[in-house]
Amino acid sequence: MSRLRSVLGLELPLLQAGMGGIAGPELCAAVSGAGAGGTLALYKEPPERVRELVRAVVASTSRPFGVNVIPEVAGPVLCRAQLSVALEELPGHAFVTSFGLPDAWVAHDVVRSGRALVIQVGTLHDAAAALRLGAGVLVLQGTEAGGHHLGELPAERLLYDVRARYPDAVLVVAGGVATGRDLVRVLARGADGAMAGTLFVPTVESAAHPHYKERVAEATADDTVVTTRFDIGWPRRPHRVLRNPVTGNDPRRPATFIATTLAGGRRLPVPRYSAAVPVAATVGRIEEMAMYCGRSCSRVTGQRPAAVVVEQFRRTYEAADPSRETTTEGGPWTSRSNR
Ligand SMILES: Cc1cc2nc3c(=O)[nH]c(=O)nc-3n(C[C@H](O)[C@H](O)[C@H](O)COP(=O)(O)O)c2cc1C
């Protein structure tokens, strides 16, 4: 059995990225139910909503799933509060993913709870720090990835460096993976699995806005660009998004409100250049918002249920890799939705 699958208890060595506003309980449960690692995004959710969201996943699947935190966005107090509630509600086989290095006490809380800690990094330096924090799995993010960037190297280059330094670490590649063939490619280069975000944006269970889903499904890699434009609410990190009227070289315009959206259960105005992603409940100038999208979009097609996307991923993986080790026989987990 592959190391990622044995550490996290998955059928397929594929993790769905936590995606703030997009990866809610429906997407997470559907992906986990299909045998991959579904992940619930906690982003800036207040602790009382975290409890509700985690309970909704637990009610929908008994397979392993993850919760995702972004310490640099939530801040140390909210991040710890989110995890403290999540750890009360999560089953023992759940895991926690962190975008970037968490504070030592956050990492300690997770490790002490017995859940696997999965940390996403973009540099060799941060990979070393994540291992010191007790990460059981490292996600190595390359610049092909959609969303905010943690480093400046393409994924396979980072994988090469980290694998050379840490031959025994469990390594997952994020960025550039949307098919089973892509997975086979990164496994051949020394990875233990892959994480995909863009692949799941247009799925039926994703909470992304319909226009954004369509744009991702139709886009090719050259329709994406790395920019620092959408910095309100999440400054300093470059991010890969779909090109739109805001991502050109025009001088910056006033950050007037261009939409309203629902966040943490409340309707809020969205200024131009906001890091907020357009979700189903967003109303306004969707095309001018941050539509995060990775270069893998060239291999992502129209709206389908997440289970169908995972199943097709599994088929292309099995077809491309004769030494595959996935199993559909199931472990101790069964999908409640499939009963
Ligand atoms: C729409 C979108 C939102 C994202 N939001 C998050 C997030 O909330 N937390 C997180 O850890 N990573 C987030 N990411 C980054 C992913 O963890 C991962 O690095 C990326 O999806 C991998 O590249 P891919 O999108 O090309 O598959 C996001 C990515 C996308 C595309």
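Listed values, structure above:
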quantity: Amide hydrogen neighbours beyond the local backbone of V204, cut-off 5 Å, H modeled; calculated: R304, A306
quantity: Whole-Hz ³J(HN,Hα) from phi, Karplus 6.51 cos²θ - 1.76 cosθ + 1.60, for segment 15-24, glycine and proline x; calculated: 10, 7, 5, x, 9, x, x, 10, 9, x
quantity: Semi-axes of the equivalent ellipsoid for segment 22-87, Cα gyration tensor, largest first, Å; calculated: 21, 11, 9
quantity: Spin-label model distance (nm) - A255 vs W105, 7 Å beyond Cα toward Cβ; calculated: 2.9
quantity: Whole-Hz couplings from phi, Karplus 6.51/-1.76/1.60, listed for segment 188-204; x for Gly and Pro; calculated: 5, 9, x, 7, 9, x, 9, 10, 10, x, 3, 3, 9, 4, x, 5, 4
quantity: Proportion of all alpha-carbon pairs of segment 210-295 beyond 22 Å (%); calculated: 21
quantity: Share of carbon and sulfur in the accessible heavy-atom surface of segment 210-295 [1.4 Å probe, %]; calculated: 54
quantity: Residues whose placed amide H lies under 5 Å from that of G66, excluding near-sequence neighbours; calculated: G38, T39, L40, F95
quantity: Estimated Rh, segment 117-228: Kirkwood, alpha-carbon pairs, angstrom; calculated: 14.7
quantity: Segment 210-295: relative contact order as a whole-number percent, Cα under 8 Å and 6+ apart; calculated: 34
quantity: Solvent exposure ordering (accessible area, 1.4 Å, most first) of F65, F99, F257; calculated: F257, F99, F65
quantity: Amide H contacts under 5 Å for V270, placed H, 5+ residues apart; calculated: I258, A259, T260, T261
quantity: Segment 72-82 - phi-based ³J(HN,Hα) in whole Hz, Karplus 6.51/-1.76/1.60, Gly and Pro as x; calculated: 6, 9, 5, x, x, 6, 5, 4, 5, 5, 4
quantity: Mean projected area in nm² (Cα convex hull; one quarter of hull surface) for the chain; calculated: 15.3
quantity: Most mobile listed residue (G265, G100, G302) in the chain, GNM with C-alpha springs under 10 Å; calculated: G265
quantity: Size of charge dipole - the chain - debye, nearest 20, with Cβ of Lys, Arg +1 and Asp, Glu -1, no other charges; calculated: 280
quantity: Top of R215, R132, R253 by mean-square fluctuation, Gaussian network on the chain, Cα under 10 Å; calculated: R253
quantity: For segment 54-129, alpha-carbon Rg over 2.2 N^0.38 Å; calculated: 1.09
quantity: Whole-angstrom gap from segment 21-87 to segment 246-267, using each part's C-alpha centre; calculated: 25
quantity: Net dipole in debye of segment 210-295 [+1 Lys, Arg Cβ; -1 Asp, Glu Cβ; about Cα centre; nearest 20]; calculated: 340
quantity: Computed over segment 41-84: relative contact order in percent, which uses C-alpha pairs under 8 Å that are six or more apart; calculated: 62
quantity: Segment 153-198 - Kirkwood radius from inverse mean 1/r over Cα pairs (Å); calculated: 10.5
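The values are calculated or read from the model by the stated rules, or taken from the named source; none is laboratory data. For clarity, every value in this text was computed on a predicted model and none was experimentally measured. For neighbour counting, all protein chains shown are included, and Cβ atoms are generated from backbone atoms with ideal geometry for every residue, glycine included. Just so you know, the surface numbers come from the protein's heavy atoms only, side chains and all, with ligands and any DNA or RNA stripped out. Shrake-Rupley method; radii C 1.70, N 1.55, O 1.52, S 1.80 Å.
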